[in-house]
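Have a look at this one.
Read-outs: derived from the displayed coordinates by stated rules, not from any lab. None of these values were measured; they are calculated from a predicted model. Cβ placement follows ideal geometry from the backbone for every residue including glycine, while neighbour counts extend to all protein chains displayed.
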Amino acid sequence: DQQVKQNSPSLSVQEGRISILNCDYTNSMFDYFLWYKKYPAEGPTFLISISSIKDKNEDGRFTVFLNKSAKHLSLHIVPSQPGDSAVYFCAASRFGTGNQFYFGTGTSLTVIP
Amino acid sequence: KAGVTQTPRYLIKTRGQQVTLSCSPISGHRSVSWYQQTPGQGLQFLFEYFSETQRNKGNFPGRFSGRQFSNSRSEMNVSTLELGDSALYLCASSSLTSEQFFGPGTRLTVL
């Protein structure tokens with residue numbers, strides 16, 4: 001049972017434009033969400049997180065939006081750069097449950113120069 | 001600071017065999033988690049160890065087991081391998097105040 005879903009396996013964006021990656025979750029108990037980026041032959045690296053008390057968190061070119069009522073979060077990358085080309089995973093957990101995270105299946109982003 | 005290391009990086013086994021994977025966390029990190037990554041399922045949580053105790057366990061059969069040593073290094077064991085166990089196995093470590101840092105993974109192929 002996939003509790004975190006990324007319905008777009010791939011996304012292509014022109015360099016300089018906005019990339020929007022989407023993620024949906026089914027468990028309303030989740031209250032902490034993260035995005036990871038993964039390059040081939042490497043482990044995922046942490047990108048940005050958001051807790052359920054906020055609806056937006058920014059870090060440079062990366063912004064995560066959380067819509068709790070829709071159980072939906074999105075990652076915006078502005079402007080997109082070729083080095084952003086990677087697989088992006090969203091993950092969710094509940095505070096107080098240690099590091100038991102539920103991951104989506106990933107979205108492969110290609111930024112075209 | 002050295003990152004999370006996993007050994008071996010690649011492994012080929014046959015059905016019915018068992019395998020042990022190793023993970024060395026970042027120095028000072030006491031939590032180690034294991035994930036299985038397959039193309040259709042993304043990353044699936046296997047278990048988490050903290051201070052040598054299993055703190056969380058995912059929905060995997062008992063063939064999958066792990067342990068953590070006093071130096072926080074962790075091992076994962078899979079017994080009676082099946083073809084479906086072919087995957088990338090990722091280990092991640094964290095401290096009480098940090099996010100998880102992942103290793104490069106061990107690619108297991110079961111023939």
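What full-extension length gain, to one decimal in nm, is calculated for B:N59 and B:S95 as 0.36 nm per residue of separation minus the Cα-Cα distance?
10.6 nm
Same structure, new question: Given a Förster radius of 41 Å and the C-beta distance between B:R67 and A:S8 as r, what FRET efficiency does 1/(1 + (r/R0)^6) yield to the nearest 0.05? Intermediate results must be reported in sequence, preceding the final value.
Working: r = 38 Å, r/R0 = 0.93.
Once the sixth-power term is evaluated, E becomes 0.60.
Quick check: the distance between the Cα centres of the stretch B:26-43 and the stretch A:1-41, to the nearest angstrom?
17 Å
Further, regarding this structure: For the modelled label position 7 Å from the Cα of B:R30 along Cα-to-Cβ, which residues of the stretch B:44-63 have backbone nitrogen atoms closer than 18 Å?
Only B:48-56 fall inside the zone, counting backbone N under 18 Å.
Now a separate question. So which aspartates and glutamates can A:K68 reach, going by Cα to Cα under 19 Å and dropping same-chain residues fewer than 8 places off?
Leaving aside aspartates and glutamates fewer than 8 places away in the same chain, those within reach of A:K68 are A:D24, A:D31, A:D55, A:E58.
Still on this structure, please answer the following. Using each residue's phi in the stretch A:9-22, evaluate 6.51 cos²θ - 1.76 cosθ + 1.60 at θ = phi - 60° and report the 3J(HN,Hα) Karplus result to the nearest Hz, with x for Gly and Pro.
x, 8, 8, 10, 9, 6, 4, x, 8, 8, 9, 10, 10, 10
Return the Cα extents of chain B along principal axes one, two and three, sorted largest first, each rounded to a whole Å.
39, 25, 25
Using each residue's phi in the stretch B:11-25, evaluate 6.51 cos²θ - 1.76 cosθ + 1.60 at θ = phi - 60° and report the 3J(HN,Hα) Karplus result to the nearest Hz, with x for Gly and Pro.
Taking θ as phi minus 60°, the curve returns 8, 10, 10, 10, 3, x, 6, 10, 9, 10, 10, 10, 9, 10, x Hz for the stretch B:11-25.
Using mean Cβ contacts within 10 Å as the protection proxy, how do B:46-57, A:96-107 order, highest first?
Values: B:46-57: 17.6, A:96-107: 19.8.
Per-residue Cβ counts within 10 Å, averaged per peptide and sorted highest first, yield A:96-107, B:46-57.
Would you please state the base-10 log of I(q)/I(0) at q = 0.14, 0.17 1/Å for the protein assembly as shown, with intensities from the Debye formula using one equal scatterer on every alpha carbon?
-0.87, -1.23
Further question on the same structure: Calculate the mean, over all residues of peptide B:26-35, of how many other protein chain Cβ atoms lie within 10 angstrom of the residue's Cβ. Can you show the working numbers first?
Values: counts 0, 0, 0, 0, 0, 2, 1, 4, 0, 5.
Mean inter-chain Cβ contacts per residue within 10 Å come to 1.
While we're here: Please compute the volume of the convex hull spanned by the alpha-carbon atoms of the stretch A:1-50 and report it per residue in Å³. Present the calculation step by step, with values, prior to reporting the outcome.
On the way: hull volume 6.3 nm³, N = 50.
About 127 Å³ per residue, rounded to a whole number.
Just how large is the dipole of the stretch A:30-74 about the Cα centre, in debye to the nearest 20, putting +1 at every Lys and Arg Cβ and -1 at every Asp and Glu Cβ?
Roughly 120 debye, rounded to the nearest 20.
Taking every residue in B:82-92, how many Cβ atoms of other protein chains lie within 10 Å of its Cβ, on average?
On the way: counts 0, 0, 0, 0, 0, 0, 2, 0, 3, 1, 6.
Counting Cβ atoms of other protein chains within 10 Å of each residue's Cβ and averaging gives 1.
Follow-up. Work out the charge dipole of chain A with +1 on the Cβ of Lys and Arg and -1 on the Cβ of Asp and Glu about the Cα centre, then indicate which of A:S10, A:G83, A:N67 is farthest towards its positive end.
Value computed over the given set: A:N67.
Convert 20 °C to kelvin, take the viscosity as 1.002 mPa s, use the Kirkwood radius over C-alpha pairs of the stretch A:6-83 as Rh, and evaluate the Stokes-Einstein diffusion coefficient in µm²/s, rounded to a whole number.
Details: Rh = 13.4 Å.
Translational diffusion coefficient: 160 µm²/s.
Using the Karplus equation 6.51 cos²θ - 1.76 cosθ + 1.60 (θ = phi - 60°), what ³J(HN,Hα) coupling, rounded to whole Hz, does each residue of the stretch A:73-83 give in order, writing x for Gly and Pro?
With coefficients 6.51, -1.76 and 1.60, one gets 9, 9, 10, 10, 10, 9, x, 6, 10, x, x Hz.
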